[in-house]
Every structure is written in C-alpha cells, then in structure tokens.
Amino acid sequence: MKALLSSKPVLWFLFLFNLVVAAVAPFVVDGAQGVAPAVGMGVVSLGAGIALLKGRKEGQHAA
C-alpha cells in the first residue's frame, strides 16, 4: 500500500488537488470553517511536494 501512495502520479495528484483546495477554501467558507481545511490541506500538499522533491533528488543521484 505504501508503494502505491508514494508513486509519482499519486503524489502529483495529492500536491495539486490539496493546493487548490487550500487556496479556495477560505473564500468559499467563512471563518474558522474555511481556515481549518485550508491549513490541513496545505500541510498535505506541502508533504506531497516535499516527497516529490525528495524523490527527484534521489533519482538524480542514482543516475
């Protein structure tokens, strides 16, 4: 299961989808109900982005 979640297409989806939701949530929902999902989705997006960059650096060293 871990290999599936760490595949590049899944990481790209997590990164982009969560980034868009994090950017839009505060404008769609008012107050803390919009900020809380934005922060949570932003953290997930940041984690996926870091995993993508980490995988990219490891791929460069292997070549």
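The values are calculated or read from the model by the stated rules, or taken from the named source; none is laboratory data. Bear in mind the structure is a predicted one, so any value in this text is a computation, not a measurement. Note: accessible area is taken over every heavy atom of the protein model, side chains too, but ligands, DNA and RNA are not part of it. Shrake-Rupley method; radii C 1.70, N 1.55, O 1.52, S 1.80 Å.
What the table below lists for this structure:
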item: The chain, relative contact order in percent, only Cα pairs under 8 angstrom and at least six apart counted; result: 38
item: Cα-based helix-to-principal-axis angle, 32-62 vs the chain, degrees rounded to 10; result: 10
item: Crossing angle, helix 8-28 versus the chain [Cα axis fit, 0-90 degrees, rounded to tens]; result: 20
item: Accessible-area composition of the chain, carbon plus sulfur, in percent [1.4 Å probe]; result: 75
item: Whole-number accessible area per residue in Å² for the chain, which is evaluated in the context of all protein chains at 1.4 Å; result: 77
item: Choice from Ala22, Ala48, Ala32 with maximal GNM fluctuation in the chain (Cα, 10 Å cutoff); result: Ala32
